[in-house]
Amino acid sequence: MIKKVSVHQLKPGMFIHDMNCGWMEHPFLTGTLKIKNDQEIKKIADNGIHEVYIDTDKGLDVQDAPTESEVKAEIDHELIEIIQKAKPVETASLRDELEKSRRVHSEANKIVHSIMKDIRIGKQIELEQVDPLVAQMTSSIFRNKDALLSLCRIKNKDDYTFLHSVSVGALLISFARALELDRDIIQLLGVGGMLHDVGKMQIANEVLNKPGKFSDDEFQLMKSHVVHSRTILEATPGISQVSIDVAAQHHERFDGSGYPHGLKGEEMSVYGQMASIVDVYDAITSDRCYHKGMAPTEALRKMLEWSKFHFNPKLVHAFIRTIGIYPVGTLVMLESGRVAIVIEQYEKNLALPLVRTVFNAKKNYYIKPEDVYLSKPLGQGGGDKIVSHESPEKWGIDVSKFM
């Protein structure tokens with residue numbers, strides 16, 4: 001049985017099933033571990049991990065600890081409550097915005113590639129390259145955030161560093177818009193997101209692109225990219241403090257367990273707090289050559305769970321309302337047994353999106369695509385409901401072909 005326990009309840013002989021943190025947040029080779037001694041427990045705690053999941057079939061038990069299913073049910077209930085407080089936002093048609101956002105996304109990827117390449121050879125960042133692009137991204141997100149964000153979910157594993165930067169920029173813009181920040185601040189946050197990982201260009205390629213878990217020394221070396229990012233941005237003419245805060249604080253944590261300075265609570269700027277949320281969300285939902293990304297719905301569950309310690313809970317709630325439980329492009333199972341793709345979010349109720357059914361799970365074959373408005377009753381284009389999110393790989397469905 002899988003149970004959730006506090007790190008303080010750990011003892012030698014217990015089997016850790018899941019470290020319960022982002023895979024880049026700990027130095028262990030895997031997320032599973034049979035605890036041999038107190039030193040291993042100390043190492044877990046020293047890395048800012050507060051709670052873990054144990055497998056009682058493989059190690060010692062904690063009698064009164066909640067089961068994984070109990071924890072999940074509680075989090076799902078909280079997610080629904082959070083989503084119900086979302087404010088409706090007027091948006092343009094996703095179909096109308098998608099082609100425009102494709103051009104913006106492609107241009108963003110090219111520019112980030114160019115900037116990173118220049119940094120690698122010692123050139124300075126020219127904000128004249130970045131500012132107009134971020135302005136285009138902002139305009140696209142103001143028209144319909146789901147168009148650009150759905151494209152940002154598609155990543156080539158070999159170009160992760162560049163595409164992650166574009167995604168963090170887009171997510172920060174969308175997040176800031178939902179918080180109703182000034183347009184000028186939104187622009188600066190977008191710039192910070194696009195440039196937050198420039199310090200990685202100071203890390204040797206064999207470490208940066210290593211197809212496996214880092215050694216302890218490599219883990220520390222990778223952590224240094226945050227300091228490099230701040231140094232590079234502080235030397236960039238015209239850069240704002242807002243953009244610098246995004247880069248300098250995106251690995252800090254609200255409980256003080258982050259790096260490089262262990263900032264705690266309000267010691268972090270609100271922009272750094274936002275960046276820490278966005279960076280982790282995009283990282284854990286992205287596929288890497290040695291790590292499979294989570295589905296967005298599962299990632300939001302984890303973000304909410306971790307917000308007790310690592311993030312500002314109020315901001316995490318706002319971010320969940322920004323993204324929605326089922327972002328555009330998510331594959332879901334309907335109560336009818338049909339597999340569907342989320343095509344558009346219904347702003348008045350983010351738990352009831354417009355979906356496109358593409359597959360019959362009961363009979364295991366593709367069906368003629370049909371749009372179902374889950375917010376409407378049977379006979380008016382609705383009459384079904386989501387029971388779970390699904391993996392495209394499990395069903396062999398290329399989501400992009402049906403968007």
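The values are calculated or read from the model by the stated rules, or taken from the named source; none is laboratory data. This one's a predicted model, so the numbers in the text were calculated from it and none came from an experiment. Cβ coordinates were reconstructed from backbone atoms using ideal geometry, including for glycine residues, and neighbour counts include every protein chain displayed.
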Members of segment 163-220 that are hydroxyl-bearing (S, T, Y) and part of a helix (DSSP H, G or I): S165, S167, S174
Test: residue in segment 54-62 that is at pLDDT 95 or above, closer than 27 Å to L300 by Cα and outside any loop (DSSP other than H, G, I, E, B): yes
Options S391, S400: the member that is within 30 Å of I49 (Cα to Cα) and modelled with pLDDT under 90: S391
Filtered residue count, segment 112-147, keeping only those that are out of contact with any Asp or Glu (no Cβ under 8 Å at 6 or more places or on another chain), closer than 17 Å to L189 by Cβ and not hydroxyl-bearing (S, T, Y): 11
Those residues of segment 376-387 which are surrounded by 15 or more Cβ atoms within 10 Å (Cβ to Cβ) and touching a residue at least 24 places away in the same chain (Cβ under 8 Å), in sequence order: D384, I386
Number of the condition not met by V328 [criteria: (1) at pLDDT below 95; (2) surrounded by fewer than 19 Cβ atoms within 10 Å (Cβ to Cβ); (3) closer than 18 Å to S174 by Cα]: (2)
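Return the total of residues in segment 260-281 being acidic (D, E) and over 14 Å from C21 (Cα atoms). First the steps, then the outcome.
We begin by selecting, within segment 260-281, every residue acidic (D, E); these are 266-267, 279.
Of the ones still in play, those that are also over 14 Å from C21 (Cα atoms) are 266-267.
The number of residues fulfilling the criteria is 2.
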Count - residues of segment 176-199 that are within 22 Å of I119 (Cα to Cα) and either of a type in the set (A, V, I, L, M) or at pLDDT below 95 (or both): 6
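Collect the residues in segment 353-371 that are outside any strand (DSSP E or B) and loosely packed, with under 14 Cβ neighbours inside 10 Å, keeping them in residue-number order.
Here is the first cut: in segment 353-371, the residues outside any strand (DSSP E or B) are 353, 361-364.
Those that are outside any strand (DSSP E or B) and loosely packed, with under 14 Cβ neighbours inside 10 Å: K362, K363, N364.
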Filter result (in contact (Cβ under 8 Å) with a residue 60 or more places away in the chain and under 24 Å from the mean Cα position of the chain (by Cα)) within segment 112-130: V112, I115, M116, V130
Breaking point among (1) outside any loop (DSSP other than H, G, I, E, B); (2) surrounded by fewer than 18 Cβ atoms within 10 Å (Cβ to Cβ), for I341: (2)
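Scan segment 302-321 residue by residue and report those that are within 16 Å of V89 (Cα to Cα) and surrounded by fewer than 21 Cβ atoms within 10 Å (Cβ to Cβ). Give the steps one after another, and end with the answer.
First, pick out the residues of segment 302-321 that are within 16 Å of V89 (Cα to Cα): 318-321.
Once the filter is applied, which keeps residues that are within 16 Å of V89 (Cα to Cα) and surrounded by fewer than 21 Cβ atoms within 10 Å (Cβ to Cβ), segment 302-321 yields A318, R321.
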Segment 228-279: number of residues that are surrounded by 24 or more Cβ atoms within 10 Å (Cβ to Cβ) and either outside the structural domain of D182 (by TED's automatic domain parsing) or aromatic (F, W, Y) (or both): 2
Every residue from segment 144-160 that is assigned to a helix (DSSP H, G or I) and surrounded by fewer than 18 Cβ atoms within 10 Å (Cβ to Cβ): K157, D158, D159
Any hit, segment 333-345, residues being in contact (Cβ under 8 Å) with a residue 60 or more places away in the chain and aliphatic (A, V, I, L, M): yes
Condition check for F311: among the hydrophobic types (A, V, I, L, M, F, W, C), touching a helix residue (DSSP H, G or I) at 6+ places or on another chain (Cβ under 7 Å), over 23 Å from L148 (Cα atoms) and part of a loop (DSSP other than H, G, I, E, B): yes
Long-range neighbours under 8 Å by Cβ, at least six apart or interchain, first residue surrounded by 13 or more Cβ atoms within 10 Å (Cβ to Cβ) within segment 211-224, second among the hydroxyl-bearing types (S, T, Y) and modelled with pLDDT of 80 or more: K223/Y259
One residue from K36, K72, K100, K87 being loosely packed, with under 15 Cβ neighbours inside 10 Å and modelled with pLDDT of 90 or more: K36
